[in-house]
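Student: Take a look at this one; I'll ask things after.
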Amino acid sequence: MTTRRDFLGNGAAAWAALGLGGCWAGARSLLPAKALAPSPNYWCTWCSQGAAFDAPVLADRSRRPKGGNATRDGIDEITAFGKGGYASFFPESRSELYLVYDDGWDVPYGAQPGQRAEFAALFPHPQRFPSFSGTPAERLAQLAKRTEDAGWRGAGLWVCVQSQAECGHPDWKGVSAEEEWKRKYDWIANAGIRYLKMDWGDHCGDVAFRRMLSRLRDEIAPDVIVEHCVCQPPLSGFDAKKGGGSGRRFVGPEDAWLRDLERQVLPFSDCWRIYDWYDPLVVPQALDRTLCDLKLAEETGSKAIVSTEDCAYLGAGLGCAFGGMRGGWKTGHGVFPDGQDNARRLREIDRAVRWARLAPAFGPTPGYQVHWSDETLSDSWQVTKENFWYAPAHGKNVVQAAPARVSRGMALPDVKQKGDAAPYVACARHPNGAVSALALPRVKDAAWVTPLADVALRATLEPGVPLGVFGRFGSLTLDAAAGRRVLAQDLADGRVHDVTDEVRFAGGKLTLPGAMLARVGKERDNDDSQPGTLVWIA
């Protein structure tokens with residue numbers, strides 16, 4: 001069993017010593033068959049819950065809630081384990097992902113946050129999972145077993161950060177919050193639950209309560225991964241009264257309270273999630289939040305791994321974890337006229353999972369700090385009541401910004417744009433030597449578009465060291481010695497291609513054409529995913 005202790009403090013295997021790449025020059029795949037060190041990556045049900053009532057798995061439409069939160073009511077035994085349900089998603093990757101059951105799994109149908117005593121029950125609710133029986137720990141064990149039997153790495157749980165005893169639930173009368181959670185951690189440990197996603201609740205912003213939850217985990221269920229994050233506005237640097245602000249999480253007064261809270265929680269967190277986003281502006285939001293979280297983790301001496309939520313390529317490209325939300329059903333989260341929707345970009349999850357086999361997520365590490373440019377880029381979107389739930393932004397042209405260039409463990413890249421706009425560009429060198437490069441799209445003409453740019457990494461690609469390339473480039477250049485074969489493969493486990501004749505060695509540098517990277521990196525696509533390519537110098 002892979003446990004929390006396998007990835008804390010990096011734990012990256014010395015894959016280079018295995019001689020990968022060069023000895024596989026004639027093999028079917030350049031990818032190892034399994035992860036060389038585990039990453040705390042997962043897929044969670046939340047966005048798909050919102051699409052459940054229009055999905056084939058729920059043929060009985062009469063179950064659609066008449067009021068309340070339909071998304072919360074989209075999780076139960078049918079949507080999870082019925083034919084075509086959540087447990088059947090990502091057949092090529094789920095053995096390397098936790099399946100996290102999100103908000104709603106442990107409360108009655110129709111439950112609202114005002115029904116405080118119902119939340120944080122922490123066992124599958126009988127209304128939703130009627131075939132599960134026995135004690136709370138036995139019900140949890142059945143959930144964990146069903147999940148692993150379906151081929152997932154393990155089961156994770158969304159957790160409401162509060163105490164039912166404090167809320168007056170009769171089952172916990174006369175019990176302290178700490179004693180309540182001791183018993184619940186005992187359930188978790190005995191059931192074999194692997195991941196806890198701590199979210200909102202009465203004690204959401206209570207540092208002492210969260211510290212207690214992590215301490216009890218250490219004492220009772222030490223192999224369980226605890227992800228902390230606090231509720232926060234879905235727009236970064238946004239002044240709800242004025243409708244403006246910096247547009248960034250890491251600068252400006254609007255989000256200073258969140259940065260201060262994060263500084264206190266990060267030191268005892270295993271993972272920290274960048275939290276929810278606004279779909280059209282997800283790229284600058286996610287990029288700026290990720291560098292903010294990485295920098296604060298470095299400043300506080302935390303070992304926490306940052307999770308980029310559904311931004312799988314961002315996680316892969318910067319050595320972070322991710323918590324995917326896109327699924328096999330159209331989620332309705334796409335607001336662009338052409339219907340762009342994360343459900344049409346599923347291969348990106350497969351590629352991010354496979355890159356993590358070679359370059360697992362890592363926490364703050366001396367010599368591998370995050371850096372970013374003074375230059376920023378920004379995208380904007382006119383928010384309406386119809387396309388976003390966040391009322392303070394209705395009727396406003398919202399701007400979100402992020403540094404134009406970000407790096408981790410290496411110097412910032414050089415970017416030469418080829419048109420009237422530049423992409424966001426990120427790159428990283430992993431502690432085990434692996435190199436990654438990432439070009440992220442911009443919002444243009446009511447669509448996500450990645451402007452092509454010639455990108456030069458200030459890094460040397462040695463023979464037998466993997467390079468992961470995500471997104472679209474005009475070209476990508478690195479330092480490299482000439483006279484070698486160059487191999488490339490779709491990270492979705494495509495064929496191995498000898499692309500030596502398509503690349504250029506000159507002046508101690510290797511230049512990879514963007515057209516080649518896009519062609520190879522989308523070989524196994526059956527959707528709208530961005531390319532993801534594995535490159536080796538053999």
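The values are calculated or read from the model by the stated rules, or taken from the named source; none is laboratory data. Since the structure is predicted, the reported quantities are computational estimates derived from the model, not experimental observations. Quick reminder, even Gly has a Cβ in these numbers, built from the backbone with ideal geometry, and neighbours come from all protein chains shown.
Student: Being surrounded by fewer than 20 Cβ atoms within 10 Å (Cβ to Cβ), part of a strand (DSSP E or B) and either of a type outside the set (Lys, Arg) or touching a residue at least 40 places away in the same chain (Cβ under 8 Å) (or both) is the requirement here; does Ser380 meet it? Break it down into steps so the answer makes sense when it comes.
Tutor: Numbers: surrounded by fewer than 20 Cβ atoms within 10 Å (Cβ to Cβ): yes; part of a strand (DSSP E or B): yes; either of a type outside the set (Lys, Arg) or touching a residue at least 40 places away in the same chain (Cβ under 8 Å) (or both): yes.
The answer is yes for Ser380.
Student: Output the qualifying pairs, or none if there are none: Cβ atoms under 6 angstrom, residues six or more apart or on different chains, first residue in segment 482-507 and at negative phi, second residue modelled with pLDDT of 95 or more and hydroxyl-bearing (Ser, Thr, Tyr).
Tutor: Going by the 6 Å Cβ cut-off, the qualifying pairs are Arg485/Thr500; Val486/Thr500; Ala488/Thr533; Arg504/Thr511.
Student: Still on this structure, I have one more. Take segment 219-241 and flag every residue that is outside any loop (DSSP other than H, G, I, E, B) and either modelled with pLDDT under 95 or charged (D, E, K, R) (or both).
Tutor: Scanning segment 219-241 gives Glu219, Glu227.
Student: If you go through segment 121-128 one residue at a time, do you hit one that is assigned to a helix (DSSP H, G or I) and touching a Lys or Arg at 6+ places or on another chain (Cβ under 8 Å)?
Tutor: no
Student: Is segment 233-252 home to any residue that is farther than 30 Å from Pro403 by Cα and either over 19 Å from the mean Cα position of the chain (by Cα) or of a type in the set (S, T, N, Q) (or both)?
Tutor: No; the residues of segment 233-252 include none that is farther than 30 Å from Pro403 by Cα and either over 19 Å from the mean Cα position of the chain (by Cα) or of a type in the set (S, T, N, Q) (or both).
Student: Counting just the residues of segment 146-174 that are farther than 17 Å from Asp106 by Cβ and of a type in the set (Lys, Arg), which one comes out surrounded by the most Cβ atoms within 10 Å (Cβ to Cβ)?
Tutor: If we take residues in segment 146-174 being farther than 17 Å from Asp106 by Cβ and of a type in the set (Lys, Arg), then Arg153 is surrounded by the most Cβ atoms within 10 Å (Cβ to Cβ).
Student: Within segment 454-538, considering only strands (runs of 3 or more DSSP E) that don't extend past its boundaries, which have at least 2 residues that are touching a Pro at 6+ places or on another chain (Cβ under 7 Å)?
Tutor: Once the strands (runs of 3 or more DSSP E) in segment 454-538 are filtered for at least 2 residues that are touching a Pro at 6+ places or on another chain (Cβ under 7 Å), what remains is 532-537.
Student: Now a separate question. Any idea how many residues of segment 438-453 are assigned to a strand (DSSP E or B) and either surrounded by fewer than 23 Cβ atoms within 10 Å (Cβ to Cβ) or out of contact with any Phe, Trp or Tyr (no Cβ under 7 Å at 6 or more places or on another chain) (or both)?
Tutor: Result for segment 438-453: 4.
Student: For segment 276-310, give me the residue count where each residue is in contact with a helix residue (DSSP H, G or I) (Cβ under 7 Å, 6 or more places away or on another chain), under 26 Å from Ser48 (Cα atoms) and surrounded by fewer than 22 Cβ atoms within 10 Å (Cβ to Cβ).
Tutor: 0
Student: Separate question: What are the residue pairs meeting all of these: first residue in segment 242-263, first residue closer than 16 Å to Pro392 by Cβ and at pLDDT below 90, second residue assigned to a loop (DSSP other than H, G, I, E, B) and among the basic types (Lys, Arg), Cβ atoms under 7 Å, and 6 or more apart or on different chains?
Tutor: Listed pairs, sorted by first residue: Gly243/Lys396.
Student: Counting just the residues of segment 202-218 that are touching a strand residue (DSSP E or B) at 6+ places or on another chain (Cβ under 9 Å) and closer than 17 Å to Leu258 by Cβ, which one comes out surrounded by the fewest Cβ atoms within 10 Å (Cβ to Cβ)?
Tutor: Per the stated criteria, the residue is Cys204.
Student: Using beta carbons and a limit of 7 Å, which pairs, at least six apart or on different chains, have the first residue in segment 214-236 and within 30 Å of Val383 (Cα to Cα) and among the β-branched types (Val, Ile, Thr) and the second one modelled with pLDDT of 95 or more and assigned to a loop (DSSP other than H, G, I, E, B)?
Tutor: Going by the 7 Å Cβ cut-off, the qualifying pairs are Val230/Cys204; Val230/Gly205.
Student: Kindly provide the set of residues from segment 344-360 that are outside any loop (DSSP other than H, G, I, E, B), more than 16 Å from Ser307 (Cβ to Cβ) and among the charged types (D, E, K, R), ordered by number.
Tutor: Arg344, Arg347, Asp350, Arg351, Arg354, Arg357 - these are the residues of segment 344-360 that are outside any loop (DSSP other than H, G, I, E, B), more than 16 Å from Ser307 (Cβ to Cβ) and among the charged types (D, E, K, R).
Student: Now for a separate question. Could you list, in sequence order, all residues of segment 145-165 that are outside any loop (DSSP other than H, G, I, E, B) and not hydrophobic (A, V, I, L, M, F, W, C)?
Tutor: Lys145, Arg146, Thr147, Glu148, Asp149, Gly154, Gly156, listed by residue number.
Student: So, one more: Kindly indicate whether any position in segment 301-313 is of a type outside the set (Lys, Arg) and in a helix (DSSP H, G or I).
Tutor: yes
Student: Within segment 166-218, how many residues are out of contact with any helix residue (DSSP H, G or I) (no Cβ under 8 Å at 6 or more places or on another chain), outside any helix (DSSP H, G or I) and acidic (Asp, Glu)?
Tutor: Within segment 166-218, residues that are out of contact with any helix residue (DSSP H, G or I) (no Cβ under 8 Å at 6 or more places or on another chain), outside any helix (DSSP H, G or I) and acidic (Asp, Glu) number 2.
Student: Within segment 219-237, restricting attention to residues that are out of contact with any helix residue (DSSP H, G or I) (no Cβ under 7 Å at 6 or more places or on another chain) and either within 30 Å of Phe388 (Cβ to Cβ) or among the hydrophobic types (A, V, I, L, M, F, W, C) (or both), which residue is surrounded by the fewest Cβ atoms within 10 Å (Cβ to Cβ)?
Tutor: Per the stated criteria, the residue is Cys231.
Student: Under 6 Å between Cβ atoms, which residue pairs at least 6 apart in sequence (or on different chains) link something in segment 277-289 that is under 15 Å from Phe250 (Cβ atoms) with a partner that is among the basic types (Lys, Arg)?
Tutor: The qualifying pairs are Asp288/Arg248; Asp288/Arg249; Arg289/Arg249.
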